[in-house]
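Colleague: My questions will all concern the structure given below.
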Amino acid sequence: MNKYFERISYALMLTAMLNVFVACGGDDDPDPAPEPDSDELILKGELTNERTLKAGNTYELIGGYQVKQGGNLIIEEGVTIEATRTIDGQPDYIIIEQGGKINANGTKDHPIVMTSTRRQPGAWGGVHICGRAPVNLSGGTGKSEIGDATFGGSTADDNSGTMRYVRLEYTGFAFSETKESNGLTMYGVGNGTTIEYVQTYKGSDDGFEWFGGTVNARYLVSMHSEDDSFDWTDGWIGKGQFWVAIQDPTAPGADGTANGDCLIEADNREDNFGNTPVSRPTLSNLTLVGNNDSNAQKRGIRLRAGTGIKLYNTLVKGKPTSLTVATAETEQSFINGTSVVEHLWADKAFAYEGGISDLALDAKTGNAINQSINFSAGYIGVISGDIDLSASDAFFTKTDYKGAVPANNDWTAGWTIK
């Protein structure tokens, strides 16, 4: 072959090789997505616009993170937020202020987990939501215990966003001798807000607490809360269905004291039992399992300080007194029919701390005390027979049983921990 044709052949060979390299490096083999900048994985300070926490990422919470008016914290499925306590003496917490929103949408298979690098109760301050719904405080508004944010107002359908398939672990940071934070605290939150499939786990204070408001809540799990599992005050008038409370199963100590106070502690207003609006939620299908404390924390459901309640289709086990009623205002609400407890089964008796023993709630429709109540896995199982609230209120799902978690529909599976 002469030199001219040799050069042509060589050029053609190079061109073919280049075409192969280009094809291999084209759109069929894109470069991997760049790792997020470390600052993008930090939550601290204030949020006044929209921010999205991306699916699968882990974010570091440093101090108080305040979602201000106009802010929208969007959290995708599978996100983990870890509180770090990296600011000396400053607690880590997330607070959604009036006019701000949280839109945390996990899934059963990929829940959103908010936890701490310190895996122990009281490690961080939890989540606080402040809305514009009515409360019964003087002047119609108050200040949050954490973050000093205003809550309350006159907007019953106020919308602070959504929390679905969210797990809150190791909350309950003690801000002072009188202020400890809960897992999820709702201050004057309106019923335009969606709260469902939320678990609190090993918090050193309450699992869930409502300070007034109208927000409704379904599919809640309070697991091993060291104070009350569910708590309300200040005129909460929302609805709830499918709640589970499981206190720490560790056996009581030598003095009979175990870990955890009431399964439900319910108030209207501690310093004025008659404040309006009066706390009076409507609740159905609860499973409440106590710690068998025989010394200091004997009450299961404690209704006091003027609260009302409409409670149906509930199972209570593991407290020396399954239900107690206290204060004249709360007792009167049962006498005049504005409070109701029906289709409640309990393994122990009721008590009337205000002295009106002839309330005889254990004899009301569908109620029974001193019953043998057995669960699998600590809380799974129901008892047939109930009142169907769905016929008159679309919020409620139709059921034909008492309790929260049927054996054939364990809605806690996959996204909660034990």
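The values are calculated or read from the model by the stated rules, or taken from the named source; none is laboratory data. Since the model is a prediction, treat every value here as computed from it, not as a measurement. Neighbour counts run over all protein chains shown; Cβ positions are idealised from the backbone, glycine included. Please note that ligands, DNA and RNA were not included when accessible areas were found on the heavy atoms of the full protein model with its side chains. Shrake-Rupley method; radii C 1.70, N 1.55, O 1.52, S 1.80 Å.
Colleague: List pairs: first in the range 327-351 and touching a residue at least 40 places away in the same chain (Cβ under 8 Å), second acidic (Asp, Glu), Cβ under 7 Å, 6+ apart or cross-chain?
Modeller: Within 7 Å, the pairs are His343/Asp386.
Colleague: Also, I was wondering about something else. Check whether at least one residue in the range 217-240 is within 22 Å of Gly355 (Cα to Cα) and open to solvent by less than 10 Å² (accessible area, probe 1.4 Å), and report yes or no.
Modeller: No, every residue in the range 217-240 fails to be within 22 Å of Gly355 (Cα to Cα) and open to solvent by less than 10 Å² (accessible area, probe 1.4 Å).
Colleague: Looking only at strands (runs of 3 or more DSSP E) that lie completely in the range 78-132, which have at least 2 residues being crowded, with 16+ Cβ neighbours inside 10 Å and over 15 Å from the mean Cα position of the chain (by Cα)?
Modeller: On the way: elements: 80-83, 93-96, 101-105, 112-116, 127-130.
Hits in the range 78-132: 80-83.
Colleague: May I ask you to list pairs of residues, at least six apart or on different chains, whose Cβ atoms are under 6 Å apart, with the first in the range 185-196 being over 13 Å from Ile102 (Cβ atoms) and the second being open to solvent by less than 10 Å² (accessible area, probe 1.4 Å) and small (Gly, Ala, Ser)?
Modeller: As it stands, the answer is Tyr187/Ser144; Gly188/Gly131; Gly188/Ala133; Gly188/Gly152; Gly188/Gly212; Gly188/Gly213; Gly190/Gly131; Gly190/Ala133, since those pairs meet every condition given.
Colleague: Being within 20 Å of Val198 (Cβ to Cβ) and β-branched (Val, Ile, Thr) is the filter; apply it to the range 147-179 and report the residue that is surrounded by the most Cβ atoms within 10 Å (Cβ to Cβ).
Modeller: Per the criteria, the residue is Thr171.
Colleague: Could you list, in sequence order, the residues of the range 381-418 that are buried (at least 19 other Cβ atoms within 10 Å of the Cβ) and either more than 27 Å from Lys348 (Cβ to Cβ) or under 20 Å from the mean Cα position of the chain (by Cα) (or both)?
Modeller: Those that are buried (at least 19 other Cβ atoms within 10 Å of the Cβ) and either more than 27 Å from Lys348 (Cβ to Cβ) or under 20 Å from the mean Cα position of the chain (by Cα) (or both): Phe396, Gly403, Ala404, Val405, Thr412, Trp415, Thr416.
Colleague: I would also like to ask the following. For residues that are open to solvent by 40 Å² or more (accessible area, probe 1.4 Å) and part of a strand (DSSP E or B), tally how many sit in the range 51-65.
Modeller: Result for the range 51-65: 4.
Colleague: Which of the following residues is modelled with pLDDT of 95 or more and among the small types (Gly, Ala, Ser): Gly122, Gly140?
Modeller: Gly140
Colleague: Can you name the condition, by its number, that Gln371 falls short on among (1) polar (S, T, N, Q); (2) more than 28 Å from Phe273 (Cα to Cα); (3) outside any loop (DSSP other than H, G, I, E, B)?
Modeller: (3)
Colleague: Write out, first by first residue and then by second, each pair whose Cβ atoms fall under 6 Å of each other, whose residues are 6+ apart or on separate chains, and whose first residue, in the range 233-250, is of a type in the set (Gly, Ala, Ser) while the second is not in a loop (DSSP other than H, G, I, E, B).
Modeller: Taking only residues 6 or more apart or on different chains, the pairs are Gly240/Ala217; Gly240/Leu283; Ala245/Ser222; Ala245/Leu288.
Colleague: Ok, one more. If we keep just the residues of the range 276-296 that are open to solvent by 40 Å² or more (accessible area, probe 1.4 Å) and free of Cβ contacts under 8 Å to residues at least 60 places away in the same chain, which is farthest from Gly378 (Cα to Cα)?
Modeller: Here the answer is Arg280.
Colleague: Additional query: Of all the residues that make up the range 339-364, how many are part of a helix (DSSP H, G or I), aliphatic (A, V, I, L, M) and within 26 Å of Ser384 (Cβ to Cβ)?
Modeller: Narrowing the range 339-364 to residues part of a helix (DSSP H, G or I): 357-359, 361-363.
Then keep just the ones that are aliphatic (A, V, I, L, M); that gives 359, 361, 363.
Now restrict to residues that are within 26 Å of Ser384 (Cβ to Cβ): 361, 363.
Selection size over the range 339-364: 2.
Colleague: Being of a type outside the set (S, T, N, Q) and farther than 21 Å from Leu286 by Cα is the filter; apply it to the range 338-359 and report the residue that is least open to solvent (accessible area, probe 1.4 Å). It would help to see each step written out before you state the result.
Modeller: Taking the range 338-359 as the starting set, the residues that turn out to be of a type outside the set (S, T, N, Q) are 340-356, 358-359.
Add one more test, that the residue is farther than 21 Å from Leu286 by Cα, and what stays is 352-356, 358-359.
Values: Tyr352: 42, Glu353: 86, Gly354: 43, Gly355: 60, Ile356: 50, Asp358: 123, Leu359: 14 Å².
Checking each candidate, the answer is Leu359.
Colleague: I've got another one for you. Before we move on, is Thr307 surrounded by 24 or more Cβ atoms within 10 Å (Cβ to Cβ) and more than 22 Å from the chain's Cα centre (by Cα)? Can you show your working first?
Modeller: Working: surrounded by 24 or more Cβ atoms within 10 Å (Cβ to Cβ): yes; more than 22 Å from the chain's Cα centre (by Cα): no.
No: the conditions fail for Thr307.
Colleague: Also: Looking at (1) open to solvent by 10 Å² or more (accessible area, probe 1.4 Å); (2) closer than 16 Å to Glu46 by Cβ; (3) among the hydroxyl-bearing types (Ser, Thr, Tyr), can you tell me which one Ser144 breaks?
Modeller: In the conditions (1) open to solvent by 10 Å² or more (accessible area, probe 1.4 Å); (2) closer than 16 Å to Glu46 by Cβ; (3) among the hydroxyl-bearing types (Ser, Thr, Tyr), Ser144 misses (1) alone.
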